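Data first, discussion second: the structure below is written as structure tokens.
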Amino acid sequence: MSTPDLYGRTPITDDDETIARLLDDVSVPTLLCAMVHITGDPSWIRDEAIKPQGLFLNIYDGFMSPEAQTEARARALPHILAFRDSGGELPPPPSAELVQEMMAFIGCADIPDDTVPMMLSELNLAAEGVPSPEAPPVAHGEFPVVVIGCGQSGLLAGIRLREAGIPFTIIDKNAGPGGTWWENSYPGARVDVGSHFYCYSFEPADHWTEYFSQHAELRDYFVGVMHKYGIDEHCRFETEVEAATFDEAAGTWTVRVRTADGTVDELPARAVISAVGSLNRPKLPDIPGIDDFDGPSFHSIRWDHSIDVTGTRFALVGAGATGFQIAPTIADQVEQLNVFQRTAQWMFPNPNYHEPVPDGMKWAIRHLPYFGRWFRFLILWPGAGVDLSGPRIDPDWDDSDGLAVSQRNKSTRDFFLGFMAEQIGDDPDLLAKITPDYPATGKRTLQDNGSWLGCLKKDNVDLIRTGIERIEAGGIRTTDGVLHEADVICYATGFRHNDFLWPMEITGRNGQTLRAFWGDEPAAYLGITMPGFPNLFCMYGPGTNLASGGSLIFHSECQITYIMQCIDKLIADDLTSIEPTSDAYDTYVAEYRAEIGQMVWSHWAVKNTHYKNAKGDIHTLSPWPLHVYQSWTRSPDFEKFDLR
């Protein structure tokens, strides 16, 4: 994995002509912020002639006119050449006030004061908290930690534990790291958060080939990070955690694991970090006859790459986030593609969804000081989830038709629907099929650059909204009696999203199991800890999934910051255990339920969503603005913990 200087200070050796050509590729608003660092001159962001005109998610040019962008690049070129010729000498860094002005420049509006600390931390212009690849000596050999899962959060936990000199073992059922990106290899699998933000803040990557990377590149990123920080030496792959039991007298957990060959082992741990994801336990639909099909069938996470789908009659059951990616990828290969969709999905335009990262952007991240940091800011800020008024239900709004929850939500619906209608063109029947009957953003909102809607217009593709009656040997019979013949069936039907830590058996104080403690209402204080389960910490725990912006890697960095301070407290004060008080837990859970109930995801019109459990309640999503959650997890309030 290519790892440039974190802040783009790799020496420039290119000639004048090459640099001029590469600048044609760069995001100009980002370039202008980099120029402030290079020259020390704030006028780069104060000249109205070269200011961005607006900011929208996944738009990188600030809606600047081509003429303004050309002018900005032309002005920047001689200063970049001078910077090269000086050997990369930089003036003093910008003041805190100027940095905030630069944020407002890219954001095209003042940045609210209460969000500034989060964004300064995210920019991290002073390179604080960047771990070293060199392994420090083990300083706390008496405090072994077991981490369950080596996806993005478990790998991150390992990096921070290693940095602190704490011995640890990471257990993962897969053969390598990356979690969902190790397991999901179906055609078209890619991230829907910008690649340059969907990476660790301390481990940016200049090698991304696409703005929204596909699974293989993401998998390779996590493998590279694992090797760079020596985490592989601490991993036991192809091993699954079956149970974890807390010993009150000793203050330790015993973690029972089973290897691929069936060997059972037990690991002692002073603390356990659950870093299991939610997109890895497949959920098959409860359809009669599912085992009667004569041809190959599989869940999308178990895509059978030994099968050549070329020329087949392919049935795709499910058209949420996964089916949305599979269908356009295979449509031109198969003879017939039948897409069975229970619920229509909202989507918004993303012209960069399949776009390659041009050479100039990669070059700028490597060589222009702080360019990569500001580009990360540009990606994050419009989707930072700091203003949750959009998904909030207006109690005075007439929602009797189930189509909107506020005037703002209706405007969002109209915008989405306008985009969808424009893509579909003169096909009212198809438009009716793809138009959701619930409020915009009520379910996971998908992104389209025209590939999905274009796919549905192909002659060999049918979108079938009629319900499925049963699976038969020759295909899928719908409730209208029609048999849709198929050679292959793929179930893109999601995961056991509400079954947190399933199927592990976690037993805490007094022999109580976590499954019994939760019932069908999983919850955790800040999504991290539970009373009665000492020294057990969750990453990506209940109530921490994101539907309003940010990225799960950002959330994981918040959580591990919090968890490491709890572990430090245990070690420094020679404590046996730490867990939240019942009062702290109950108060937080009540606040969470009150808040999530006011959000569009909880609305009665939103059905068939993995956000909700069987009762229609939500225990998965975070209702908190990102900066609020980060402030809560910046340091634990130990007054809310039972310390023993």
For the stretch 554-592, what are the residues that are open to solvent by 50 Å² or more (accessible area, probe 1.4 Å) and within 28 Å of Glu203 (Cα to Cα)? Thr561, Gln565, Asp568, Lys569
Given (1) farther than 18 Å from Thr180 by Cβ; (2) hydroxyl-bearing (Ser, Thr, Tyr); (3) modelled with pLDDT of 95 or more, index of the condition Ser213 fails: (1)
Quickly run through the stretch 76-100 and pick out the residues that are surrounded by fewer than 17 Cβ atoms within 10 Å (Cβ to Cβ) and part of a helix (DSSP H, G or I). Leu77, Pro78, His79, Leu81, Ala82, Asp85, Ala96, Glu97, Leu98
Checked the stretch 168-184 for anything of a type in the set (A, V, I, L, M, F, W, C) and either over 30 Å from Asp448 (Cα atoms) or surrounded by 23 or more Cβ atoms within 10 Å (Cβ to Cβ) (or both); matches are Phe168, Ile170, Ile171, Ala175, Trp181
Among the residues of the stretch 185-201, write down those that are open to solvent by less than 10 Å² (accessible area, probe 1.4 Å) and in contact (Cβ under 8 Å) with a residue 40 or more places away in the chain. Ala189, Gly194, Ser195, Phe197, Cys199, Tyr200
The lone condition Gly165 fails out of (1) touching a residue at least 40 places away in the same chain (Cβ under 8 Å); (2) open to solvent by less than 30 Å² (accessible area, probe 1.4 Å); (3) over 30 Å from Pro349 (Cα atoms) is (1)
Within the stretch 270-315, the residues that are under 30 Å from Phe533 (Cα atoms) and either open to solvent by 20 Å² or more (accessible area, probe 1.4 Å) or not in a loop (DSSP other than H, G, I, E, B) (or both) are Arg270, Ala271, Val272, Ile273, Ser274, Val276, Gly277, Leu279, Asn280, Arg281, Pro282, Lys283
Would you mind stating whether Glu595 is acidic (Asp, Glu), open to solvent by 10 Å² or more (accessible area, probe 1.4 Å) and closer than 28 Å to Gly320 by Cα? yes
Among the numbered criteria (1) under 30 Å from Ile578 (Cβ atoms); (2) in contact with a helix residue (DSSP H, G or I) (Cβ under 7 Å, 6 or more places away or on another chain); (3) not in a loop (DSSP other than H, G, I, E, B), which one does Leu218 miss? (1)
Identify the single condition in (1) more than 23 Å from Val276 (Cα to Cα); (2) under 26 Å from the mean Cα position of the chain (by Cα); (3) among the acidic types (Asp, Glu) that Asp487 does not satisfy, given that it satisfies every other one. (2)
Considering only residues that are farther than 30 Å from Thr441 by Cβ and not hydrophobic (A, V, I, L, M, F, W, C), which ones fall in the stretch 275-301? Pro288, Gly289, Asp291, Asp292, Asp294, Gly295, Pro296, Ser297
Whichever residue in the stretch 101-136 is part of a helix (DSSP H, G or I) and open to solvent by 60 Å² or more (accessible area, probe 1.4 Å) and, among such residues, is modelled with the highest pLDDT: Glu101
If the Cβ limit is 9 Å and pairs must be 6+ apart or interchain, which residue in the stretch 69-83 that is without any contact (Cβ under 8 Å) to a residue 12 or more places away in the chain pairs with which residue that is exposed (fewer than 14 other Cβ atoms within 10 Å of the Cβ) and outside any helix (DSSP H, G or I)? Thr70/Asp24
Strands (runs of 3 or more DSSP E) lying entirely in the stretch 221-269 (those with 1 or more residues that are β-branched (Val, Ile, Thr), touching a residue at least 24 places away in the same chain (Cβ under 8 Å) and closer than 20 Å to Leu570 by Cβ): 239-247, 252-259
Can you go through Glu521, Glu469 and tell me which one is over 31 Å from the mean Cα position of the chain (by Cα) and at negative phi? Glu469
Of (1) over 29 Å from His555 (Cβ atoms); (2) surrounded by 19 or more Cβ atoms within 10 Å (Cβ to Cβ); (3) free of Cβ contacts under 8 Å to residues at least 60 places away in the same chain, Asp414 satisfies all except one. Which? (2)
How many residues are under 23 Å from the mean Cα position of the chain (by Cα), within 22 Å of Gln325 (Cβ to Cβ) and either modelled with pLDDT under 95 or not small (Gly, Ala, Ser) (or both) if we restrict to the stretch 406-450? 10
Could you count how many residues in the stretch 326-366 are touching a Phe, Trp or Tyr at 6+ places or on another chain (Cβ under 9 Å), surrounded by 18 or more Cβ atoms within 10 Å (Cβ to Cβ) and part of a helix (DSSP H, G or I)? 8
For Glu183, state whether it is touching a Pro at 6+ places or on another chain (Cβ under 9 Å) and at negative phi. no
Single residue of Ala189, Ala157 found to be within 15 Å of the chain's Cα centre (by Cα), within 30 Å of Gly8 (Cα to Cα) and modelled with pLDDT of 95 or more: Ala189
In the list Ile434, Ile424, which residue meets the criterion of being in contact with a strand residue (DSSP E or B) (Cβ under 8 Å, 6 or more places away or on another chain), over 24 Å from Met119 (Cβ atoms) and surrounded by 19 or more Cβ atoms within 10 Å (Cβ to Cβ)? Ile434
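The values are calculated or read from the model by the stated rules, or taken from the named source; none is laboratory data. Model, not experiment: these values are computed from the prediction. Cβ coordinates were reconstructed from backbone atoms using ideal geometry, including for glycine residues, and neighbour counts include every protein chain displayed. Ligands, DNA and RNA are stripped out before the accessible areas are found, and what is left, the full protein with its side chains, is counted by its heavy atoms. Shrake-Rupley method; radii C 1.70, N 1.55, O 1.52, S 1.80 Å.
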